[in-house]
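In what follows, a structure is listed as structure tokens, so that the remarks can point back to it.
Nothing in this text is a laboratory measurement; each read-out follows from the coordinates by a stated rule. As the structure is a prediction and not an experimental result, all values here were calculated from the model. Heads up, the Cβs are rebuilt from the backbone with ideal geometry, glycines too, and the neighbour counts pull from every protein chain shown.
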Amino acid sequence: MGIRTIPNSSMTTLSRDWLLRLMLIVCLCPLGCAKLRNWSPYSKTQAAVLSPDVTKAEIIQHLNSNTERLVGWRSTDVRVSAKGVPASLSATIAVNSPRGFRLVAGSPFGDEADLGSNDERLWFWFRRSPHKHVFTCKHEELSAAQQQLPIPFRPDWMMDVLGVIPLDPSSISMQPDPSDAGLLQLISNVELSDGKPAVRIMTVDLKKGHIIAHQLYEPSSGALIAEAYLNDFRRDDKLGVILAHSIQLRWPEAELDMKLKIGDIEVNPPGVPDSTWQLPRMAEYPVFELAAGERTAIR
């Protein structure tokens, strides 16, 4: 069998075809290569979790189906960054419905901040504060305590943000978000733990099916009391509960702006020590009762 030869004209056509293909690849690579790098066979466009015509009852039922499986959660894998602080801090966080909250942030030099609450009271402590105390007050005394010192968080609202309090449909109205057709706002007039009235707004992303923002406003002046933005939602492997792993928090009155980046979360953890929900004792930082305006011994 002889060797088949390709005519020169065919070689010329073949070379021209390959040259054109090569030029096409070179011209399109800045756009195409970037798209290929970002392409994934699993990145199909997902349908919205909630339809644009969802009813209030349906949206609250959907949100509560997640919350009702959740008593509490904790993480020892948290990074805290705050406005005005040059470096982030490692932290642990624990949450237990209805008022159990504890955030302890530290550096290589030891604990730097401790914020917490239990059924009776809240407290906060900062190592670098000029005031060398563990500050505390009962929940119902928070307004009086604010006259002494701005409180850097509200535990009752924080429990909403952290996802462990079911929504009461009877107290909520629903309206479209004026800035985005893909968002809905759940609005309610609430009474905070100290009896102070407030307007609570929760923004729901219809596509994701999550609450992505919380705001708390003073009703008469419209002043912002606190706000939170939630992102990086992940599903727990065991219970299927979905929680935000990135939370931006801001309390304007206390001039506090911080971000929590949360790694692994343990949902409904067993055996959380009772000390987690107890006022911390520090020899060099006596307890200061803010509502009374004095140091005091608290059992």
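A few points about this structure:
- Placed amide H near D236: partners under 5 Å, 5+ positions off or other chain: V241, I242, L243
- Globularity index of segment 75-213 is 1.19 (Cα radius of gyration / 2.2 N^0.38 Å, N = number of residues).
- Packing-based ranking, highest mean first, of 189-196, 59-66, 114-121 given that Cβ atoms within 10 Å are counted: 114-121, 59-66, 189-196
- Segment 267-283 - phi-based ³J(HN,Hα) in whole Hz, Karplus 6.51/-1.76/1.60, Gly and Pro as x: 8, 6, x, x, x, 6, x, 4, 5, 4, 9, 10, 4, x, 10, 9, 4
- In order through segment 234-245: 3J(HN,Hα) via Karplus (6.51 cos²θ - 1.76 cosθ + 1.60), integer Hz, x for Gly, Pro: 9, 9, 5, 5, 7, 9, x, 6, 10, 9, 6, 10
- Residues in segment 155-170 carry Karplus couplings, in order, of x, 4, 6, 4, 5, 5, 4, 7, x, 10, 10, x, 8, 9, x, 5 Hz; the curve used is 6.51 cos²θ - 1.76 cosθ + 1.60 with θ = phi - 60°, and Gly or Pro positions show x.
- FRET efficiency for Q61 and Q148, using Cβ-Cβ distance with R0 set to 41 Å, rounded to 0.05: 0.45
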